[in-house]
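Peer 1: Sending over a structure as structure tokens; questions will come in a sec.
The values are calculated or read from the model by the stated rules, or taken from the named source; none is laboratory data. The structure displayed is predicted, hence computed values, not measured ones. Positions of Cβ are backbone-derived with ideal geometry, glycine not excepted, and every protein chain shown enters the neighbour counts. Keep in mind that these areas ignore ligands, DNA and RNA; they rest on the heavy atoms of the full protein, side chains included. Shrake-Rupley method; radii C 1.70, N 1.55, O 1.52, S 1.80 Å.
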Amino acid sequence: MWAIIGTWRMSYEAIQNVSKKLKNNEIGADEAAVLAIAEIEDFPYFKSVGYGGLPNEEMVVELDAAFMNGNDYSFGAVMAIKDYKNPIKVAYELSKQYTNCVLVGEGAEKFAHKNGFERKNMLSDRAIIHYKKRVKEMETELKPYIGHDTVGMCVLDNNQKIVSATSTSGLFMKKSGRVGDSAIIGSGFYADSEVGACTATGLGEDLMKGCISYEVVSLMRQGKTVQESCEIALNKLNDKLLEKAKKVGDLSIVAIDKNGNFGCATNIDNFSFVYASDKEEAKVYLVEKENNKTTFKLASQEWLDDYLKTRMAKLEL
Ligand code: ASP
């Protein structure tokens, strides 16, 4: 039995590719998560992950990534790393270390260099156009932080191992050194092979307030289903923030349990995710929120065709 879930439509091709290998037992959960996320990092048209990711306010691309092994709770994370092609691979390597497994900025880059990871200027021409456009738009009324999305994956393999992993360029126009939930254990990701795993995307500053991925896994441990756990955790955080802070940012999560069942929850209208398992091939789901209840349906062919067209459309200043 195996299963894999990834945030957003951007996970689709990568999940299709690693699914074949998971099915044939060619790879386990670790490799599936790292390969899938690295493929997304390498795709230049996804503007929130890896190469082509949107820069911070100084037009520098700073990336966060993380990996957690649900068998022994080992994990690794890089934060605000610059000029390395695949932050997820660096985070995975760090997860093999008992100490010093979370590194930021220059320290993360030194580690990546020492361990022979590939360097690359991660600022694409397309990202520069987006940046310049946003600078212009901010002169009028647009908020700087619109435009972000993290790839998060949870994988269960045929050996009952569960892992969780993330990669992101974080918030567009963020301050230099800003770190969101994606590289913070328990917030952007969590995995326990005896229970399940969860990963998040949305406004990191708010997701961290609920330690949401840990919360979802805890609810599953207490006996809630994976879907119930996602909805309870997300609604609780959403409602608490609305009550106490009078505002809440975008919050979306996906999770799997130890039997490969999936769950999702969101407080926005356009969240999507991709799921595949030994029982079904990779499919894109669109998630909707109505009166605190999450519903999801398969994306139509028209929606799928339109997605890539818009993503790859010519950009002009
Ligand atoms: N959670 C990410 C962050 O705050 C961004 C996102 O998932 O949209 O850095």
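Peer 1: So, in segment 71-82, how many residues would count as being in contact with a Cys (Cβ under 9 Å, 6 or more places away or on another chain) and either of a type in the set (D, E, K, R) or not in a strand (DSSP E or B) (or both)? Reasoning before the result, please.
Peer 2: Let us first name the residues in segment 71-82 that are in contact with a Cys (Cβ under 9 Å, 6 or more places away or on another chain), namely 74-77.
Within this subset, residues satisfying the condition of being either of a type in the set (D, E, K, R) or not in a strand (DSSP E or B) (or both) are 74.
The number of residues fulfilling the criteria is 1.
Peer 1: Just name the residue that is nearest to residue 272 (Cα to Cα) out of those in segment 175-227 that are more than 16 Å from the ligand (Cβ to nearest atom) and open to solvent by 50 Å² or more (accessible area, probe 1.4 Å).
Peer 2: Among them, the one singled out is 225.
Peer 1: Filtering segment 264-284 down to residues that are out of contact with any helix residue (DSSP H, G or I) (no Cβ under 9 Å at 6 or more places or on another chain) and of a type in the set (A, V, I, L, M, F, W, C), which residue is most open to solvent (accessible area, probe 1.4 Å)?
Peer 2: To start, the set of residues in segment 264-284 that are out of contact with any helix residue (DSSP H, G or I) (no Cβ under 9 Å at 6 or more places or on another chain) comprises 268-271, 279-280.
After this cut, where a residue has to be of a type in the set (A, V, I, L, M, F, W, C) as well, the list is 268, 271.
On the way: 268: 20, 271: 2 Å².
Result: 268.
Peer 1: Looking at (1) surrounded by fewer than 24 Cβ atoms within 10 Å (Cβ to Cβ); (2) closer than 17 Å to residue 257 by Cβ, which is the only condition residue 153 fails?
Peer 2: It is condition (1) that residue 153 fails.
Peer 1: Restricting attention to segment 294-314, and to residues there that are over 30 Å from residue 125 (Cβ atoms) and polar (S, T, N, Q), which single residue is surrounded by the fewest Cβ atoms within 10 Å (Cβ to Cβ)?
Peer 2: Filtering segment 294-314 for residues that are over 30 Å from residue 125 (Cβ atoms) and polar (S, T, N, Q), the one surrounded by the fewest Cβ atoms within 10 Å (Cβ to Cβ) comes out as 301.
Peer 1: Further, regarding this structure: Anything in segment 13-27 that is outside any helix (DSSP H, G or I) and over 18 Å from residue 162 (Cβ atoms)? List them, or say none. Steps first, answer last, please.
Peer 2: Filtering segment 13-27 for residues outside any helix (DSSP H, G or I) gives 24-27.
Within segment 13-27, 24, 26 qualify.
Peer 1: Does any residue of segment 30-44 turn out to be of a type outside the set (A, V, I, L, M, F, W, C) and within 16 Å of the ligand (Cβ to nearest atom)? Give the derivation first.
Peer 2: Initially, segment 30-44 is screened for residues of a type outside the set (A, V, I, L, M, F, W, C), giving 30-31, 39, 41-42, 44.
This time we only want the ones that are within 16 Å of the ligand (Cβ to nearest atom), so: 41.
Checked segment 30-44: at least one residue is of a type outside the set (A, V, I, L, M, F, W, C) and within 16 Å of the ligand (Cβ to nearest atom).
Peer 1: Let me ask another. Among the listed residues 35, 54, 22, 63, identify the single one that is in contact with a helix residue (DSSP H, G or I) (Cβ under 6 Å, 6 or more places away or on another chain) and open to solvent by 60 Å² or more (accessible area, probe 1.4 Å).
Peer 2: Criteria check complete, one pass: 35.
Peer 1: Name, by its number, the condition in (1) at pLDDT below 95; (2) not in a strand (DSSP E or B) that does not hold for residue 294.
Peer 2: (2) is the only condition that residue 294 fails.
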